[in-house]
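Working notes, structure below.
The values are calculated or read from the model by the stated rules, or taken from the named source; none is laboratory data. What you see is a predicted model; the values in this text were computed from it and never measured. When we count neighbours, we look across all protein chains shown, and the Cβ atoms used for this are built from the backbone with ideal geometry, even at glycine.
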Amino acid sequence: MSKVKPAPLPPDTVIGGYRVVRRLSAGGFGVVYLSLDMEGQQVAVKEYLPSSLATRAPGELLPKVPPEKLSLYRLGLKSFFEEGRSLAQISHPSVVSVLNFFRENETVYMVMNYLEGATLQDFIITARDLKTQKVFRESTIRSLFDEVLRGLRIVHQHKMLHLDIKPANIFITDDNKAVLIDFGAAREVLSKEGNFIRPMYTPGFAAPEMYRRDASMGPWTDIYAIGACIYACMQGYPPNEAPQRLEKDRLSLALSRLRGVYSDNLIEVVEWCMALDPLSRPQSVFALQKELSREGERRYTKLTVGEKVRLQFDTLVSDTKKKTGREATDMGAKPK
């Protein structure tokens, strides 16, 4: 892999009619910029720029790709472009909206709604540091993932997979919506062609088949990740990664410690989703939705999922302040 990450586009660069304001985030497969469209509206523009295949000097626009990596770069580029085209056909409040996608500077850009709020990962870290018995209430977990699954079901109906569901890719907006972001189609294509599979997925949330070149992926692959996300909402930390579980599986032991804190049904749902054998998991989002929304297990309220999450945290923070007389939220805390 490249020792130096490709430089982001400089502020005020204009690409496809969008003016770059600043970099929002960068990962192994691209850079996301806060940008303005021609009407001055804020949008997020994602640039395909895999750091393992391309470099770019500060101030430059064009990526530089070594000749021996060019075919792989183009393969990922094609997949990224197809992903943008597919996502642009999906209109659902729980799936990030793709407004436009275009080719420029020998790469591809995907224009999305700019979301304001925080990721589920941010909320988990905050709750974990408050050291309460429950990271999330069960009713909050069920409401949150019911909303996420509604969006994921539409994605699967469009013959797409997300392939990188994790708390950092579930965004809770300021207007109280849970949104799936950062799809991983290019990531998946490159993993099958290249020799760098494991770094492409998030340990703990990637299903076992994602580590095998010959394995078949389907809705059950995303469902494993949903189970891992629910686990993280219960425990405050990700589960062990799949290769470790294949050697010695401690999932049931870890979940058994939560009996009495969460219902047996919710614990069984997590075990079902996270079965190491893909055929032992729910084979469709609908099957999981049906179990997760069982009568008697879920309490319905008029609050949106975002309001539930924020109300819970306001209560937790308030209670902690009363007990300790100080702020107890440290967003930068590191996992144990």
| If the Cβ limit is 6 Å and pairs must be 6+ apart or interchain, which residue in the range 229-247 that is over 14 Å from V269 (Cβ atoms) and basic (K, R) pairs with which residue that is at pLDDT 95 or above and assigned to a helix (DSSP H, G or I)? | none
| Which pairs do you get when a residue that is more than 16 Å from Y114 (Cβ to Cβ) and assigned by TED's automatic domain parsing to the domain that holds G30, found in the range 78-97, comes within reach of a residue that is at pLDDT below 90 and surrounded by fewer than 16 Cβ atoms within 10 Å (Cβ to Cβ), reach meaning Cβ atoms under 9 angstrom, with the pair 6+ apart or on two chains? | S86/H158; S86/K159; Q89/H158; I90/H158
| remark: If we keep only residues of the range 248-271 that are without any contact (Cβ under 8 Å) to a residue 12 or more places away in the chain and not polar (S, T, N, Q), then the residue farthest from Y201 (Cα to Cα) is G260
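Kindly indicate which of G227, G236, G260 is of a type outside the set (K, R), at pLDDT 95 or above and closer than 26 Å to A127 by Cα. It would help to see each step written out before you state the result.
On the way: G236 fails: at pLDDT 95 or above; G260 fails: at pLDDT 95 or above.
The match here is G227.
Residues that are among the hydrophobic types (A, V, I, L, M, F, W, C) and not in a helix (DSSP H, G or I): does the range 139-155 have at least one?
Looking only at the range 139-155, we keep the residues that are among the hydrophobic types (A, V, I, L, M, F, W, C), and these are 141, 144-145, 148-149, 152, 154-155.
Checking which are not in a helix (DSSP H, G or I) leaves us with none.
Taking every residue of the range 139-155 in turn, none turns out to be among the hydrophobic types (A, V, I, L, M, F, W, C) and not in a helix (DSSP H, G or I).
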| message | Out of everything in the range 250-283 that is surrounded by fewer than 16 Cβ atoms within 10 Å (Cβ to Cβ) and outside any helix (DSSP H, G or I), what residue ends up being farthest from the chain's Cα centre (by Cα)? | response | G260
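Quick test for you: out of S35, S52, S25, pick the one residue that is of a type in the set (S, T, N, Q) and in a loop (DSSP other than H, G, I, E, B).
Working: S35 fails: in a loop (DSSP other than H, G, I, E, B); S25 fails: in a loop (DSSP other than H, G, I, E, B).
None of the others qualify; the one that does is S52.
Please enumerate the residues belonging to the range 66-104 that are of a type in the set (S, T, Y) and not in a loop (DSSP other than H, G, I, E, B). Full working, then the answer.
Let us first name the residues in the range 66-104 that are of a type in the set (S, T, Y), namely 71, 73, 79, 86, 91, 94, 97.
Correct list: S71, Y73, S79, S86.
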